[in-house]
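These notes are about the structure you will find just below.
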């Protein structure tokens, strides 16, 4: 019995934008909005591999400060660094506080060097997605997903709620997040790679809509397509 499928590229996605005309609308002022949005999605998907790039500017000079947080998990093992020169930190859990510590340190160093934050990007390359109880197959501790390479078994991880993910060689991450912050707006793209969260009648679809609504309540606007 197949429980869902792995979408072929390009996978479905939800894109949201946050923009404004505030006098303080700068990358540094909006970085907190961006991080808050990513972690507001935790009830839907928990980050296991998190990359953040901070772009510094001083006059005509530019440099990038690249950082990665990763959890020791089989789904993360096949992924190399996003950038060759990034700082890699292994943590038991990727939290808003852990990311905030890195950001504060980098921005303090930039202040001392007379640099400004010119842009930033955030990527959750691997996540564990919440599996609704209605999507759990009776009598099984795993999902079966159809894909271009055949049927794949994905173990269900039990905890406070059931969650699922997979390795890069199998079904991959069920969801990914990417945020780009520039001078006048931020964009967030939530890519949905498994059908359990995209089909309108799938149990996970309601979880996605609820998560998106929580961002809209914060002022984000969903791109209609």
In degrees between 0 and 90, to the nearest 10, how far off the longest principal axis of the chain does helix 27-40 point, with axes built from Cα atoms?
20 degrees
In 5 Å bins starting at 0, how do the alpha-carbon pair distances of the range 1-89 split up by percent?
3, 9, 14, 16, 21, 17, 10, 6, 3, 1, 1, 0, 0
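Round to the nearest 0.05 the FRET efficiency obtained for residue 111 and residue 168 when R0 = 35 Å and r is the Cβ-Cβ distance. Display every interim value, and only then the final one.
Values: r = 38 Å, r/R0 = 1.08.
After rounding, the FRET efficiency stands at 0.40.
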What distance in nm separates the simple spin-label points at residue 11 and residue 89, each placed 7 Å from Cα in the Cβ direction?
2.6 nm
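Output the relative contact order of the range 1-156, whole-number percent, from Cα pairs under 8 angstrom with separation of 6+ residues.
Normalised by residue count, the contact order of the range 1-156 is 33 percent.
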Could you bin all the Cα-Cα distances of the chain into 10 Å bins starting at 0 and give me the percent of pairs in each, rounded to whole numbers?
7, 32, 34, 19, 6, 1, 0
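Pop the C-beta distance of residue 161 and residue 61 into the FRET formula with R0 = 41 Å and round what comes out to the nearest 0.05. Before the final figure, lay out the partial values.
Details: r = 47 Å, r/R0 = 1.14.
Using R0 = 41 Å, I get an efficiency of 0.30.
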Residue-span extension gain [residue 218 to residue 201] - 0.36 nm each, minus C-alpha spacing
3.5 nm
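So what is the diffusion coefficient of the range 46-150 in µm² per second by Stokes-Einstein at 37 °C and 0.692 mPa s, using a Kirkwood Rh over Cα pairs? Let's see the in-between values first.
Numbers: Rh = 16.2 Å.
Rounded to a whole number, D works out at 202 µm²/s.
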Compute the helix-to-body angle for 203-216: its Cα long axis versus the longest principal axis of the chain, expressed 0 to 90° and rounded to tens.
20 degrees
The chain: most fluctuating residue of 203, 138, 27 per GNM, C-alpha cutoff 10 Å
138
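Å³ per residue of the Cα convex hull, for the range 104-225? Could the numbers behind the result be given before it?
Details: hull volume 20.5 nm³, N = 122.
In the range 104-225, the Cα hull volume divided by residue count equals 168 Å³.
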Label-point separation (nm) for residue 77 and residue 134, each offset 7 Å from Cα along Cα-to-Cβ?
3.6 nm
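Here, each number is a calculation from the coordinates, and none is a lab measurement. If you're wondering where the values come from, they're calculated on a predicted model, not measured in any experiment. Virtual Cβ from ideal backbone geometry, glycine too; neighbours counted across all protein chains shown.
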